[in-house]
């Protein structure tokens, strides 16, 4: 019996890298963690851009499905990251 996603081999276990990748795909629906991180970076940049354009944090929270507190945390992080 083998874990789904692994091929039978001569009794050896999968590498940690392979096992981690399969687990992440199972958790995130075949979307590797690097892609998840990239998507969040893009989302956060878009939130900050819209905030600078005058949108309220509550409105942004509703648009992105996040709490007002989380939106304000993202804005603060982006402000520090970009130096604006």
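Here are the numbers for this structure:
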item	result
Condition met for residue 69 (surrounded by 13 or more Cβ atoms within 10 Å (Cβ to Cβ), at negative phi and either at pLDDT below 90 or assigned to a helix (DSSP H, G or I) (or both))	no
Which numbered condition residue 5 fails, given (1) modelled with pLDDT of 80 or more; (2) at positive phi	(1)
Residue match in the range 51-64 (condition: touching a residue at least 24 places away in the same chain (Cβ under 8 Å), over 30 Å from residue 21 (Cβ atoms) and surrounded by 12 or more Cβ atoms within 10 Å (Cβ to Cβ))	yes
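The values are calculated or read from the model by the stated rules, or taken from the named source; none is laboratory data. Treat the numbers as computed from the prediction; the structure is a model and nothing was measured. Glycine gets a Cβ as well: all are built from the backbone with ideal geometry, and neighbour counts include every protein chain shown.
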